[in-house]
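Okay, structure first, notes after.
The values are calculated or read from the model by the stated rules, or taken from the named source; none is laboratory data. None of these values were measured; they are calculated from a predicted model. Ideal geometry is used to build each Cβ from the backbone, glycine not excepted, and the neighbour counts take in all protein chains shown.
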Amino acid sequence: MKRDLTHRFGFLVNDVARLYGRHFDQLAREQIGLSRAQCRLLGALAMQDEPMSQAALAERLDLSAMAVAGLCDRMEAGGWVRRAASASDRRINEIHLEPRAELALESALAISDSIHARAMAGLDAAERAQLLALLRRVHTNLAALASEPAAS
């Protein structure tokens with residue numbers, strides 16, 4: 001007999017993220033000409049007060065340094081970001097948002113809001129708030145696990 005894993009937390013959360021990501025990627029490519037990965041890079045940069053190094057971006061996005069370098073190459077060629085040597089360490093490239101990236105990020109957020117509304121259809125305001133609060137709590141718990149030493 002086959003197992004039904006669709007009710008398991010990890011399976012469900014990953015499948016929701018996959019479906020959301022696929023839909024976001026399609027709309028972002030159509031509407032603003034950027035992939036989901038490129039929008040994530042813009043979002044990561046926009047959340048910081050200062051430019052980030054490529055290494056810090058790789059860590060934040062959970063991507064390899066090579067993947068982020070390739071993303072930055074394409075984003076820089078498109079005029080979305082600018083690389084500049086760090087003032088404190090010339091070996092480090094800092095990534096800066098270009099002005100047109102701010103407009104793209106606003107469009108990406110609008111796409112996200114649209115998908116969010118469709119995903120939450122059928123839930124009332126209290127259910128939506130409760131779902132987000134519970135997910136934040138689970139996120140906090142999982143983030144705390146990441147800082148604990150590995151069990152042997």
Identify the residue in the stretch 1-34 that is among the small types (G, A, S) and over 14 Å from A101 (Cβ atoms) and, among all such residues, is surrounded by the fewest Cβ atoms within 10 Å (Cβ to Cβ). G10
Looking at A28 and the list (1) hydrophobic (A, V, I, L, M, F, W, C); (2) assigned to a strand (DSSP E or B); (3) in contact with a Cys (Cβ under 7 Å, 6 or more places away or on another chain), which single condition is not satisfied? (2)
Elements of type helices (runs of 4 or more DSSP H) in the stretch 36-152, at least 1 residues being over 18 Å from the mean Cα position of the chain (by Cα) and not acidic (D, E): 65-77, 99-119, 125-147
Could you figure out which of (1) touching a residue at least 40 places away in the same chain (Cβ under 8 Å); (2) surrounded by fewer than 10 Cβ atoms within 10 Å (Cβ to Cβ) isn't true of L105? (2)
Starting from the stretch 29-57, take each residue that is farther than 12 Å from S107 by Cβ and list its partners that are among the β-branched types (V, I, T) and in a helix (DSSP H, G or I), counting only C-beta distances under 7 angstrom and pairs at least six apart or across chains. Q54/V68; L57/V68
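Could you tell me which of the residues R118, R136, R100, R91 is surrounded by 11 or more Cβ atoms within 10 Å (Cβ to Cβ) and without any contact (Cβ under 8 Å) to a residue 24 or more places away in the chain?
Numbers: R118 fails: surrounded by 11 or more Cβ atoms within 10 Å (Cβ to Cβ); R136 fails: surrounded by 11 or more Cβ atoms within 10 Å (Cβ to Cβ); R91 fails: surrounded by 11 or more Cβ atoms within 10 Å (Cβ to Cβ).
From the options R118, R136, R100, R91, the qualifying one is R100.
For (1) farther than 26 Å from L42 by Cβ; (2) at pLDDT 95 or above, each residue gets a yes or a no:
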{"position": "A84", "(1), (2)": "no, no"}
{"position": "A87", "(1), (2)": "no, no"}
{"position": "S107", "(1), (2)": "no, yes"}
{"position": "A110", "(1), (2)": "no, yes"}
{"position": "D113", "(1), (2)": "no, yes"}
{"position": "L134", "(1), (2)": "yes, yes"}
{"position": "R137", "(1), (2)": "yes, yes"}
{"position": "A143", "(1), (2)": "no, no"}
